[in-house]
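The structure under discussion appears below in the form of structure tokens.
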Amino acid sequence: MNQNHPVTTEIATIEKAMHEVGMYDRPDPLDLTGFEGSGADFLEVYKPYIQDGKTIVSSPHKVYGPENNDLMLQLRKRGIDKVILAGMSANLCVESHLRELLEQGFEVLVVKDATTGPGPEATQAAMVNYGLIANEVVTTDEITQRL
């Protein structure tokens, strides 16, 4: 261990907040015991689309980006090269996924009115970055019309 950079067990502020609300709390990736209504569950309005028998749900990401789950594998196995991205942690999870998906060769559209950050400043910073990084930034109405 480098004495100038000791290992720490402290977690980041946003990670602590996510744990406090139970956002990703599951016994393990394969166990859905207690998942329904847990805070880590899907919002009711989206369940018909997520649980439609054709939507693929990758294993949960760990912290911010998709580097530690099977998202890339799931997309590539299905020949998917375009991703529509939205989510609730704009400047952390969404932006981390955007960057990694682009690095891996995917075309990524970000839905700006379907993502937000932990505050207005964070959300605005993310929107600026999306405009610089994403292949395109669209609204929900715009992407719905295209689909």
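All of the numbers you see were taken from the coordinates with simple rules; none came from a lab. Given the structure is predicted, the values throughout are model-derived calculations rather than measurements. For neighbour counting, all protein chains shown are included, and Cβ atoms are generated from backbone atoms with ideal geometry for every residue, glycine included.
The HN-Hα couplings worked out from phi for the stretch 114-119 by the Karplus form 6.51 cos²θ - 1.76 cosθ + 1.60 (θ = phi - 60°) are 10, 8, 8, x, x, x Hz, whole numbers, x standing for Gly and Pro.
The local environment of THR123, defined by Cβ-Cβ distances under 14 Å, has a net charge of -2 under the rule Lys, Arg +1 and Asp, Glu -1. Taking 0.36 nm per residue of sequence separation and removing the Cα-Cα distance, the SER38/THR140 pair yields an extension gain of 34.0 nm. In this rough spin-label picture, where each label sits 7 Å from Cα along the Cβ direction, the GLU107-LYS54 distance is 2.0 nm. Close amide H pairs (under 5 Å, H built 1.01 Å from N) link LEU85 with LEU109, VAL110, VAL111, residues at least 5 positions away or on another chain. Highest mean packing comes first when the peptides 67-74, 51-58 are listed by Cβ atoms within 10 Å, giving 67-74, 51-58.
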